[in-house]
Structure formats: structure tokens, C-alpha cells
């Protein structure tokens, strides 16, 4: 018997192993992978709920009243009678101007009045005497008329002298510069010995009333109309004025303790900026706020409004940048639907159009699904979304985008 060469035997062995592997692969290919069931997703049932809308707007504080103290007569400042930065009362003496010249002017005016009164007395007696003498033809009628005219002229001179006395008293009183309003007075721009003039351009000091305080917010005219629609009730619309609760948020994100009220919106639009000034008034008993501070005014609607809130993570964007949500329809099929979003309320966002009560919204697993595929809703996570207390704060509108865009 002839022996088979080793090379031929080895090649035949390799060929047989390859055929055997191919047969196994063919059987596995015929069987195929086991069929997968519907993808499980987390969903919530959306429902409208009462929500008090809150909007934050940037603004600046302003004093409730501001008065600049200026002299009304000229002279040398003798005394400064207040402490800079202190609280002053209305009518409190602040500066004393040298009154000597004004006292002399008053004395001169009083002397002129006495002379005019004496002249008037003499003219009155003469007119009375001539009135009797003209009846007996002792004096002519012309002399009687001249005497009566002289008396009336003397009366006018008395009235003028009295006015001069009154003016001198006023000027003397103006040497005492008093506070026109109550409030906190700032630094003094003059000191003792300084010469001041009546109605000068430079104020001696400024007084600001800090309790209550204004918060001025600028809004565009279009945004103001939207703000009124969001925050005002029917009664407020009839009054055509916003009467909304206002809280002040400071730079460190802390909330000021006092609650204010939105009371005023300007009657005209600034033509250079296209904005309208909205003014709120807030109590400042401890004077924690000062004029000119940058703050954020948090405006809260008077009454709750029904709104649909959904988690921000459930909002995705398509290729056109349109906000979309994924829903589970009645056949357990994924459905993509465009929606219109409103303001952010904490970790939730308001849906203004596109959703109705009772629909199931997918909130987790968005990267693993697409429209038209069957899904299974996890029963233990299907619940109604509710707003968290204290989360009704508007932030910069920014919906969280999913990594996979919806076409």
C-alpha cells in the first residue's frame, strides 16, 4: 500500500475543518437572532395645573424723593448744622447764612413803612377837612380833588412799603437754609466761610428719601404688552395698570425681605431706545437698598393660571431648531409633535401650544427611540407632572437638547 504524503494529508485536514465551520454558520444564519420586544421608556401624563407665573426683569433702584438744597439769597455761610450722611427732618436747619445785611434791609423797610404811614395819616386828615370846606365854598373843588388824590397816593405808598417789609422778612428767613423734605442727606459741597449766591447751579447738598424706594425696569413696548397679558387679571386689564406683587433679588441671588407692588408704567415710549419704564415701589425700612443699585425685579401674577408644565429634558430640537416632544399614542407607537414653549419654571418649562391633558410624554430614553417605533411605557414611572413649590422662577429660555435630532 502506497503511503499518502504528509503535505497532502495536512491540506485535506484543513479543508475538512473549513467545510465543517461553514455548515455551522449556515445553520446559525438560517435560525437568525431572536425577535426583540418593544423598547421600554419612561413617560408622564401631562395635565394643566394652576400656576402663578413669575418673571424676572433687570432694573435699578431710585430714591422715592430727591431734593437738592440751594440758597435763595446770597451771602457768607456762617454755620453748617448737620452731619453728613445722617437723617434729617423736613424743616430742620441745615445752613446759616450771615443775616446782618438782611436784618438791616428789614429795618430800612420798616422805617420806610412808618414814613409812608405818617404821610398817609396827614393826607387823610387833609382830604377829610377839604371835603367839609368845599361845602361852604371855603376851598375850590379842584383843591378838594387834589387833596383826595394825595391821600389815595399815600395809601398806595403804604401798601408798597408793607410789601417791601414782607420781602425783607422773607429774605431774612432765607438766610436759614432748611431741609425741604425728610430723608438722608449726603455730603456737603460747601463749608463755613464759603460765599453762596441765590439760585446758584451747584447744590449745597442733596437729600434723598429712601423709604419707600422705587425700582425702575425698562422693557420694550412689545414685551410690555406680553407682560401685561401674562400677569394681569381681568380686573387689572380694566384698570389698564399692572398691580402685581414684586420681590427684589440682589446681586448675591438673595431675596430682599420686603414685598413691593408694581404701580406705574410710563405713558410714552422712548423713541431712542423703544423702551417703556415700569416702576415698582417697595418698602425699605432698614435702608438695605440704596439708590442706583442694580437689582432684579421678580414679578408674580396676581392669580394662578392653568398651564401645562413638562420637564425641560423632554424637549428636543429638530434640524430647523423647532421644539419637539415625543409622545406615546393609543397604539403604543412613538409620535413626534412640534410644540410652542413659554417661560422656564425651575426644572420645568411651560407648553403654550401642542399638548393636551391626558397625553403621555416620553421623558427618558429619547436617544434610543424614533418616531414610528413601538414602545412600552414603564408603569411605575407613568405619573402626572406637577410644579415644585417655589420653582416658579423664570430663567433664560434654554431647552435641553437631545443628542439625537428629530427630523
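Here are some notes:
- Radius of gyration and maximum dimension Dmax of segment 116-226, Cα, Å: 29.9, 92
- From least to most packed, judged by other beta carbons within 10 angstrom and beginning with the fewest, 368, 137 follow the order 137, 368.
- The label-point distance for residue 125 and residue 259, in a model that sets each label 7 Å from Cα toward Cβ, rounds to 7.9 nm.
- Length-normalised contact order for segment 84-219 - Cα pairs under 8 Å, 6+ apart - percent: 41
- Segment 40-89: translational diffusion in µm²/s, Stokes-Einstein, Kirkwood Rh over Cα pairs, 4 °C, 1.567 mPa s: 68
- Relative contact order for segment 100-173, counting Cα pairs under 8 Å that sit 6 or more residues apart, in percent: 52
- Calculated FRET value between residue 340 and residue 189, using beta carbons and R₀ = 51 Å, to 0.05: 0.35
- Extension gain for residue 163 to residue 251 (0.36 nm times residue separation, less C-alpha to C-alpha distance): 25.9 nm.
- In range of the label at residue 200: residues from segment 93-110 whose backbone nitrogen is under 14 Å from the point 7 Å along Cα→Cβ: 95-98
- Measuring r between the beta carbons of residue 155 and residue 89 and using R0 = 35 Å, the FRET efficiency lands at 0.20.
- Average 1/r across all pairs of distinct alpha carbons in segment 100-173, invert it, and you get the Kirkwood radius: 13.5 Å.
- A Förster radius of 51 Å combined with the Cβ-Cβ distance from residue 286 to residue 103 puts the calculated FRET efficiency at roughly 0.70.
- Additional length obtainable on full extension of the chain from residue 294 to residue 313, 0.36 nm per residue less Cα span: 3.6 nm
- Residues listed by number, segment 345-377, amide nitrogen under 18 Å from residue 331 label point at 7 Å toward C-beta: 360, 370-377
Rule-based calculations on the coordinates, nothing more; no lab input. Note that the structure is predicted; figures quoted are calculated from it, not measured. So basically every Cβ, Gly included, is an ideal-geometry build from the backbone, and we count neighbours across all protein chains shown.
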